[in-house]
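Report on the following structure.
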Amino acid sequence: MAMRDITDLMNAYRECSRNLWNVYFSKRENIGGALDAFGQIRELLFESLVLDELYYEGDADAEEAAGPVLMVVPRSRSPILIRRPSDDGNRYWDAVKDMVVGPDEITLVFLDYFDFYQVPLTNLYYCRCRVVRFPNHPEYEGREALVQALDVTVYYDEPPEDPAAA
């Protein structure tokens, strides 16, 4: 499988989402309804702006229909926030303080963009990821983590070309 750098594609989706929320949804009187509607719109935006570009050569197979695996790789040593477990339904990003990771130290899979603030405006400052592999800290594997969106490269594992189609 070839790794395809889709950082520009993901940044376009991030910017479109951010702008759409900040300009058209963030000032609505019914903010709860706006958040619900915007969540649905973001799913469609991701499908249209990212997935359709990844699968442009034909129909998605069963594996792709479940969603592609998008790898998030820090460009250099970057700050990371790791989610700590909690039973109260909230997300706490303080499992460890002042941690930085380099591109060869951790394996992250993209989940979504995230910002601590949505109202009134959001920047979608972070990539929310799942920690897949972290040899120096295996206790954090499987947890969610935040890394600054502008400090990462996002890759897509392209499926191998079908030799019969050539």
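Laboratory data are not the source of any read-out in this text; all were calculated from the coordinates shown. If you're wondering where the values come from, they're calculated on a predicted model, not measured in any experiment. Note that each Cβ is placed from the backbone with ideal geometry, even for glycine, and that neighbours are counted across all protein chains shown.
Structure summary
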item	result
Matching residues in region 148-160 - criterion: being surrounded by fewer than 21 Cβ atoms within 10 Å (Cβ to Cβ) and under 14 Å from the mean Cα position of the chain (by Cα)	Q148, L150, D151, T153, Y155
Qualifying positions in region 109-142 - of a type in the set (A, V, I, L, M, F, W, C) and touching a residue at least 40 places away in the same chain (Cβ under 8 Å)	V109, F110, V119, L121, L124, C127, C129, V131
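For (1) crowded, with 20+ Cβ neighbours inside 10 Å; (2) aromatic (F, W, Y), each residue gets a yes or a no:
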| residue | (1), (2) |
| --- | --- |
| V100 | no, no |
| Y113 | yes, yes |
| R128 | yes, no |
| L146 | yes, no |
